[in-house]
Every structure is written in C-alpha cells, then in structure tokens.
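Asker: Following this message is one structure expressed as structure tokens.
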Amino acid sequence: MFYNSLEPYLVLSAILFVLGLLAMFTKRNAISILMGVELVLNAACINFVAFSRFVENGISGQLVTIFIIILAASEAAVALAIILHLYRHINSINVDEATQLEG
Amino acid sequence: MDNILVWTMISILVMVGLVSVVGIISIYLERKVSAFMQDRLGPMEVGFGSLANAIIGKKTFKEGRIGLAQSLADGLKLLQKEDIVPKGADVFLFKLAPMIVFGGTFAAFAALPLAEYFVPADINIGLFYILAISSFGVTGILMAGWASNNKWGLLGALRSTAQMVSYEIPIGVSLISIVMICGTLSLKEMVLAQSGWFWNWHLFGAISHNGAIGIVLLPVMFINFLIYFTCSLAETNRAPFDIPEAESELVAGYHTEYTGMRFAIFFLAEYGAIFVGNAIAVTLFLGGWNSGIPMLDEANIPGIAPLIFITKVFVLIFVVMWVRWTLPRLRVDQLMNLCWKYLIPFTLFTFFYVTIYKVFLT
Amino acid sequence: MVPADFVFLILATLIVACGFVVVFHSKIIYSAFALLFSFFGVGGIYILLNADFLAGTQLIVYVGGISVLILFGILLTKKIYNLTTEETSTQKIIGGATSLAFLGALAALIFNTDWQIVTTTQEFTPQTLEIGKAFMGNFILPFELAAILLLVALIGAVIIGRDEKKEEI
Amino acid sequence: MEHKIETDFMIINMGPQHPSTHGVLRLELKTDGEIVMACRPFLGYLHRCFEKHCESLDYLKIIPFTDRMDYLASMNNNWAFCIAIEKLMGIKVSEKCEYLRVIVGELNRIASHIIAFGTFGLDIGAFTPFLLAFIQREKIFDLLEEASGARMLYNYIWVGGVARDVDGDWLKKTKKFCQEFKPALDEVDELLSLNKIFVERTANVGVVTKEMAISYGFTGPNLRGSGVNWDLRKNEPYSLYTKFDFNIPVGAGEQGQVGDCWDRYIIRIRECRESIKIIEQALEGISLEGDIYETVPKNFNKMPKGEVYARSETPRGEMGIYVVSEGGKAPVPYRVKVRSPAFCSLSILEEICKGVMISDVIAILGSVDIVLGEVDR
C-alpha cells in the first residue's frame, strides 16, 4: 500500500526537503550548506519521479531528474572549487567569515 | 514460471557459494602462481588432511602435499586473531568500512551471468548496475583510511579514491562502445549476441550481428579490451597500479590498522573485485559462457556453460597475477598521466570509431 | 503489506535517519557519510518507482561522484582529524522554526490535495530505451545544453581550484 | 587583503617500523599531500657502541664486531679492519691468503649487490627479480659457508691471513657458480633494468650531481653512479687488485640525467659482472700450496705504538678504519673509528628529497643502498 501510492513518497520528500532546508539555515560551514542543498535537490528528485510515476505515467519526470542530477554534479564541482579557494584565502570555510569580495 | 523461480533460487545459491569460494581460490592461486614465477614452491604443507588433523588433534587423515587448504587455514587463523581497534580510531566508521567495501563488491556478483539459466538477478541494466554498485567500494576505502586515524591509511585512501574515480571514466567509455554495438545494457543479452563461433565475440568484431563488415571493428575492439583490462587492474588496486596499498611506500595503505577478520574481509573484497572486473571483461568481450566452438556449447554438453565462464574468468585472473608478479609499480602522478593523457583519449577515439561504424556501416 | 512496502519503509527510514545525521551530527565527516547513505536510499526509492536507469545514475553520480567530491573537500579543507561544525543558537531556533512551519505547510498541502492518480498496470518496463529516445528527440536542446553546462562547470572548477602558485610560474 | 596561502602540512614518520627503510631508520617527512617538502633522517636506532666496545677488546676479537656493522658484506668489513692492523704491524700477507680474500670479498660484494638491486626493485614494486636474484645469493652463501663456517657473519679474514683453508673442490664449485651466475644475472637484468615502468620510476629521480656527490662524501657505487670514476681497487690498489683486469662502471645517464636512481642501480648490476671477472681470474691464479696461518701473529703483545688509517672498497663504498694503538703490553686499541660509506650516502637524503613525491623518497632511499648496521655502528 505504501509503495504504490503517491502520498508516502511526497511525505518522504517533504521531510528530506525540510532537513535540507534546516541544514542550509543553521550551518555556518560551507560544505555543510552544500550538503543541505544536495538533500533539497534529492527531495525534489523524489517528487518528480513520484509524480511521473503516479500522475503522468510517463518519463518526463525522470528526464527532469536526470537534468537535476547533472546540475547537482556541476554545482558540487564548482562549489567545492570555490570552497577550496576560499579556504586558501581565509583559512576557514565558514561562510560568515567570507565577508570580502576581493581576493 | 515456477521453473524460472527454481532456477533463480539455485543460481542465487551458487552465487553465494561462488562469493565465498572465489576469494579462497584466488588467494591460493596467487600464492602458487607467484611461487612458480619466482622459482619457488609456495604453500606445500597444509592440505585438507593436515588441516583436519590439526583441528581434531589426531593424525587420522592423509596429509596433503600441495597446500590446497592453505587459504582455508589462513582464514581460520585470521578468524581467531585479536580484533584490534586503534585507540585514536573512529570506532563506528572503522568497523563499518570493511562491511561497505565487502558489500559493494559482492553486490556486483548478483548480476553476473554465469549461464543463460544462471543469472541470479537478470537486471535489464545489468552492466550499469555493476558499475554503479562498485562505486561503493570507493567510499568504503575512504572511510577505512580516515577512520583508522593513521596517516599512511589516509594517504592510501586518498590515492585509492583519486585513482578509482579517474579510472571509472575510461572504463565507462570503453564499455559504452560495446553497449552501442549490442544495443542493450543487459549482460545476458550481450552474451546471447556472442553465441556461436568465437569470431562472434565482441573482441573479434561480433561478426554474427554485423555480418562480415564487423571485421573493421576488430582492431578497435582489441584496443578497447586492452584499455578495459588495464583500467580494471587500476580499479581493483592491482599491480602495477597498486599504489593505494603499496607495501613498500604506504606500509599497507588504507588497511594498515586492520587486523584479523576485518583485514581478511578487505582481502576477500579485493579478490572479489578482481573476479567481477574480469567477469565483465569475459561477458562483454570474450563471449561469456560461450566456448567459441559451437560443438562445445551448452546445447551439446549440458551444464558446461558456467564452467566455461568461470574458466575464462580465471584465465584472466591468471593474467592479472602474471602482470602483478612481473611489473614494478607506477608512481601516483604517472598513474594519473596514464589515465588522463593516454587511456581516455584512446577510449574516446574507439568510441568515435564505433559511432561512425554504427551510423554509416550498419 | 506486501514485501515492497517493507522495502519502502526500510529505505524511508534510512533516508530520514541519515538526513537527521547530516543535519545534526557535530562531526562533519559523519554528515558526509550519512549523506552518502541517504543518496543510496534515494536510489532504492527510484527502483520502487520503476525508474531503473535513474537509480543507476543516482548511484554512479551521487554515491560515486558527488559524495566522494564532498569527502575530498572536507579532507582538504579541515585539519583532518579535528572536524566539527559550528553553529549559533539563534540560527538554530529561527531555522528550526521556519523549517517546522514549512514541514507543516507541506504536509497540509500533501494530504489536502486531491491528486489525479492515473491507475495503470504495475508491470515494470525497462526505461533506458525510452529515456534515450527522449533525449535524442524532444529533449535534444536541454540535453545539449546540459552537456555544455558540464563542460563549463568542469573548466570553471579547474580554473577556480587551481593553485595560485602555479600561475606565477 | 593579505595574500597568504596556507595548506596544512602533514608530518609523517616513515619508520622506524616501515617496510622499506631497510632497517630501523626513521625519516620524518613533512608533506603537502603527496609532495615531500622536507625529509629528516633520524639515526641511532641500531647504535651498539661498536667503536667503544673495541677499546676493551683484543684485536682479533674485534673482527666479529666488524661483521655486524655492514652485515650484508661482512667479508669486506673484516678485510678493511685487517688491512688497517696489518699496516700498523707491518705484516705482509701470503699470496694465497690474498687470493682467498679477493675471492671471498668479491663473492660477498656480489651477494651484497644482489640485496641492493633486489630490494631496490622491491621498493619500486617488482617482487620477482628480488627472489630470482636471491637464489644466486643462496648459492654464494653456500660457498662462503663452506669456506668460513658461517652464512652471514663470517669472521673469516684474520689479521695476517684467513681463518680456514679451502680445498680444490671449493675452487671448482666457485668456478661453476661463476658460470651459472652470468645467465641468472642477465635474466634479472632483462626483467628489470629496461622495464618501461622501472625506468619511468627511477630515471631523473633523485639526481645527485658530481659536485654534490663529492661534497657529501659519496663513495662506492653511489659516487660512480654520479659519473665520478673512483674506485679504490683501481685508484689506490690494495691486496692483489693490480693483477686483475676489470673495468669500473661509471654512470653515464643513459636513461636520464647522470646520477639518478637508475644510474646508481645499473652500476651495481654491472659491478656484479666485473666481480665475476675478478673471481674467475683469481681462481686461475690461486695455488693451494702454502700455510694460511704463516703470517698470523700469535699474540698482539708486540703491537707497535702509533696510529693508522686504512681504507678499502666495500660494496657500499670506502670503508675507512682508523686505529690508535698505545703499543706495549696493552693488546687493545686505544681508539677505533670507522668511516662508514652508508652514513655519508644517507646524509644526502635531506637535500635531494625536497619537492619529490613520497614514492620517490622510497626510490632514492633504495638506490643509495644503506645498511643501518653500518650507519649506526
């Protein structure tokens, strides 16, 4: 009953989404924030796939999810490069210490 | 329907047996192969008889003479050893890591097609599944290296991760060429496409579903096979790419701090990974369970298919050992150079070639 | 309850528990490993949703790629054996309250909406072929854009992350 | 904003328990990832006060101590010490004994070089050449055991002579070994020397220039690997080395720069061939007549007062023995000092291990071929 109805997936995705949101709100560490973003993206992905399975019965949700995964990969790469760069400059990856834009 | 279920159950059981036996056989083989290559004897004393004698404490059985039970005895020894967790280690992750490495490796066994009726899990994206689930090993290794709170361990883990992540790319691209020729990701269908004479194997251009024109694929497929084989060596941390556990540099790499059974699990996982890597090579390039000569196939000799498959895999494993005991080890930057400057461009070239072939010649 | 339900429950528990570890554990490396298992669980959920290709992609990209990247990032930026995250209490309270409110709103939305469920056969059909056709057909433009995006991200990451010492040489 | 780049350096202790520090050596590596920023060797884990012990021992009883310095080339150590004492006492050793010394010394040199290039291969990751070469080393040990009674720590060369006589059978066996050894060495050579990976790992790594080698006091194969043609057997011949026809292999930078790890490695392989040449000539020249104890002093009561410095070419380079004798009734030396070649070779690590990778440190350490027993004494 759980696995072939829509609501459980939506609830799961909502919890995951909120957890990601919480991480983004409370953490000062840039990498933790990045992890929160990844959680949020995954929650969205679950939503997309669940809707495409139960509401649309097609694959467009899956296609969107693949694009999200591509985006997440490139985002993670760029974000980590920025974090590494930040670390070299201010020797910390706490976002509230990165207050200057000049390098 | 029932028939299929029974066969699936049997093949699952066989796979579980295979999982436990592969490591032991490979370790024994490794010792013997290395011994004969180095002009020495290797394990000679501990046969099954002497092992049984040692266990019951009486000289009842005839003693072995070629050391067949050596790995078994070693396993028993490792089981009894003290399980040491270093003081500074992160206990939870330290204990979790070998399980993840082991699980990641042996989950891949589920999709190996031993025979047409011997596929424990006939997944339609079998190849993709194996590639995906193997990537779990990387994190296990990273976890082991970090959790053991040892600098050598950490260095080994970082090396290993960098190496495995890089070498996944040429592996993926070289396998995509095959996928393109077959038009499927199912390992079973790939093997079925290679049945008949050995020139139907993808290594020789897959004549059966391409016709004679398939011969133009032959050189490219050889290159592809070599690249895949090289990369699978690197993926499984074998010499000459064994820099993550290079014993002369990093003591033992990521499993420096592991003792007893946990160490044995890493060891088994390594040999399991070698088996999986070579099984993919056999399935994709060397015709899987087909013997290459129709007279010797399953149709004529029932029950021979799994034997053929496993024999082929062990022949490749022998080559892996041969390479290990012949070649020195690369340095970490040379390893990366090899991957990014030679293997990836070459696979891209073969990929391009196969694409052109697929578009214009079929 | 059919076996698949248990699978769903186990996976959901795994995902949520790991999500909690990601958010609340004080050691950042634990967060990273928990994130990995959370990704793994999401891959399992995709299989339950008949998205087999997607599950494989999830494993390869998230578990084998992004998680490792994040772990590398952690190991490269912190004093390796002293990895804790700091947070302030005000952020905790405000963030927690907002998140809880959000959760309530979402839950209300989920259970009060009358979803237009299409009941179809539950038979599993392989979707790799369809996805491939869609990428080469209707979705060709976004697909190509994604390829360009990946290239740009790759080059950008390399340029940003490059060691500055080498620029001077 | 202040522009500073700080990366965490990691201090790693390589040793004293490490598979490839060739004994109990500790290297403190300061690394930035895989790159070694600084490398400091820490010595003394095997220090056994050899030199101090000597001050309370009879000259003859010191010889077993020299065995334990460079335990891979004990014969050559015995020999170096005996040369010093003979020089001090003015003893002329009989020709038969000199021949025997040359034969066992060169045999021991081969055994030592087998360890050197075998473990070097092992450090690089090639296991098989090591074990293939060890088969030959076993044969050498069998020969030396027959001659001296011991397999590793011989106490064979005595002041004024040698400990035990050999018979014609032994000479025949040695001759047979010489013939068997050449193809075996070629096999190892083929397996390792020009292997692409091996060359990649060793060529242009750990380059020690001529000037550096001389200023750090390099001797032996390490010095010759840097392109300096210097061998005491040619340049300052002792014993019977003037009689033999052999070459001194010198590093020429065939695969990379002069003085890299590959050069130091290949020198040792080539020296083994030259040693075989010497042994074969010595086997031709030796006659079994004569008493080996003829010139061995009965006691050391008549030791002259004075000091002496003698040096000889051991497999690791020049071993210098400095002995001060008080003379008269005291049959013990006042002071013994050893100039050990491996100690000087080791001192270069700090300079050439800057900016290389961890794997290169291993390669460099293996290529300079140290024996900690001799470094710490």
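The values are calculated or read from the model by the stated rules, or taken from the named source; none is laboratory data. Note that the structure is a prediction, hence the values are computed from the model and not measured. All Cβ positions, even for glycine, are placed from backbone atoms using ideal geometry, and neighbour counts span all protein chains on display. Keep in mind that these areas ignore ligands, DNA and RNA; they rest on the heavy atoms of the full protein, side chains included. Shrake-Rupley method; radii C 1.70, N 1.55, O 1.52, S 1.80 Å.
Asker: Under the definition of Cα pairs under 8 Å and six or more residues apart, what whole-number percent is the relative contact order of chain B?
Answerer: Rounded, it is 21 percent for chain B.
Asker: Evaluate the distance, in nm, between pseudo-label points positioned 7 Å from the Cα of C:Ile10 and of C:Leu100 along their respective Cα→Cβ axes.
Answerer: Between C:Ile10 and C:Leu100, the label points sit 3.3 nm apart.
Asker: How long are the semi-axes of the equivalent ellipsoid of the range B:109-159, taking √(5λ) for every eigenvalue λ of the Cα gyration tensor, in whole Å from largest down?
Answerer: 34, 9, 7
Asker: Now for a different question. Measure nothing but the geometry: give the 0 to 90° angle between the long axis through the Cα atoms of B:305-324 and the longest principal axis through the Cα atoms of chain B, rounded to 10°.
Answerer: That works out to roughly 60 degrees.
Asker: Between chains A and C, what is the buried accessible area summed over both chains (1.4 Å probe, protein heavy atoms, nearest 100 Å²)?
Answerer: Approximately 7000 Å², summed over both chains.
Asker: As a test question: what accessible area, to the nearest 10 Å², does A:Ser5 have when a 1.4 Å probe is rolled over all protein chains in place?
Answerer: About 30 Å², rounded to the nearest 10.
Asker: In terms of the ratio Rg/(2.2 N^0.38 Å) built on C-alpha atoms, what value belongs to the range C:1-86?
Answerer: My calculation over the Cα atoms of the range C:1-86 gives 1.22.
Asker: A further question follows. Would you mind checking the pairs D:Lys172/D:Lys277; B:Lys312/D:Lys196; B:Lys341/D:Lys196; D:Lys175/D:Lys337; D:Lys52/D:Lys305 and listing those with alpha carbons more than 26 angstrom apart?
Answerer: Violating the 26 Å limit, Cα to Cα: B:Lys312/D:Lys196; D:Lys175/D:Lys337.
Asker: I would also like to ask the following. Using Cα springs under 10 Å in a Gaussian network model of chain D, which residue among D:Ile267, D:Ile91, D:Ile321 shows the largest mean-square fluctuation?
Answerer: Top of the fluctuation ranking is D:Ile91.
Asker: So how do C:Leu129, D:Leu25 rank on accessible area, 1.4 Å probe, biggest first, that is with the largest at the start?
Answerer: Greatest to least solvent exposure: C:Leu129, D:Leu25.
Asker: Step through the residues of the range D:182-193 one at a time and calculate ³J(HN,Hα) from phi using the Karplus curve (6.51 cos²θ - 1.76 cosθ + 1.60, θ = phi - 60°), rounding each to whole Hz and writing x for Gly and Pro.
Answerer: 4, x, 5, 5, 4, 5, 4, 4, 5, 5, 10, 4
Asker: What does the C-alpha gyration tensor say about the overall shape of the range B:18-114? Classify as rounded when a/c is under 1.5, otherwise prolate if a/b is larger than b/c, or oblate.
Answerer: Cα axes put the range B:18-114 in the prolate bin.
Asker: Please tell me the relative contact order of chain D in percent, rounded to the nearest whole number, where contacts are Cα pairs under 8 Å and at least six residues apart.
Answerer: About 27 percent, as a whole number.
Asker: May I ask you to work out the translational diffusion coefficient for the protein assembly as shown at 10 °C, viscosity 1.306 mPa s, via Stokes-Einstein with Rh from the Kirkwood sum over Cα pairs, reported in whole µm²/s?
Answerer: The Stokes-Einstein estimate is 49 µm²/s.
Asker: For A:Asn57 and A:Leu71 in one chain, what is 0.36 nm times their gap in residues minus the Cα-Cα distance, to one decimal in nm?
Answerer: Extending this stretch completely gives an extra 2.6 nm.
Asker: I've got another one for you. Kindly state, to the nearest 0.05, the FRET efficiency for D:Glu51 paired with C:Ala108, given R0 = 60 Å and r defined as their beta-carbon distance.
Answerer: 0.10
Asker: Using a Förster radius of 60 Å, what is the FRET efficiency between B:Leu361 and B:Ser20 based on their Cβ-Cβ separation? Nearest 0.05, please.
Answerer: 0.85
Asker: Then there's this: Check the straight Cα-Cα distances from C:Lys92 and name the lysines below 22 Å, setting aside those fewer than 8 residues away within the same chain.
Answerer: A:Lys27, C:Lys27
Asker: GluC sites (Glu not before Pro), restricted to the range D:282-377: which are DSSP loop and have at most 11 other Cβ atoms within 10 Å?
Answerer: Filter output for the range D:282-377: D:Glu289.
Asker: Say we join alpha carbon atoms closer than 10 Å with springs in a Gaussian network model of chain B; which of B:Ile227, B:Ile125, B:Ile310 then has the biggest fluctuation?
Answerer: B:Ile125
Asker: Sticking with this one: Remind me, relative contact order of the range B:64-174 in percent, using alpha carbon pairs under 8 angstrom and six or more residues apart?
Answerer: Taking the mean separation of contacting Cα pairs over the length of the range B:64-174, I get 26 percent.
Asker: Using r as the Cβ-Cβ distance of C:Ile93 and C:Leu154, and R0 as 45 Å, what FRET efficiency do you calculate, to the nearest 0.05?
Answerer: 0.65
Asker: Which loop trypsin sites (Lys or Arg not before Pro) in the range D:25-59, with loop taken from DSSP, have no more than 11 other Cβ atoms within 10 angstrom of their Cβ?
Answerer: Loop-located and lightly packed - none at all.
Asker: Compute the long axis of helix B:91-107 from its Cα atoms, compare it with the longest principal axis of the Cα atoms of chain B, and write down the angle in degrees, 0 to 90, nearest 10.
Answerer: Roughly 30 degrees, rounded to the nearest 10.
Asker: Using a Gaussian network model on chain D with a 10 Å cutoff between Cα atoms, which of D:Met14, D:Met69, D:Met319 fluctuates the most?
Answerer: In the Gaussian network model the winner is D:Met14.
Asker: Follow-up question, since we're still on this one. Could you list which residues have their amide H under 5 Å from that of B:Arg329, counting only those 5 or more apart in sequence or on another chain, with H placed in the peptide plane?
Answerer: Correct list: D:Gly125, D:Ala126.
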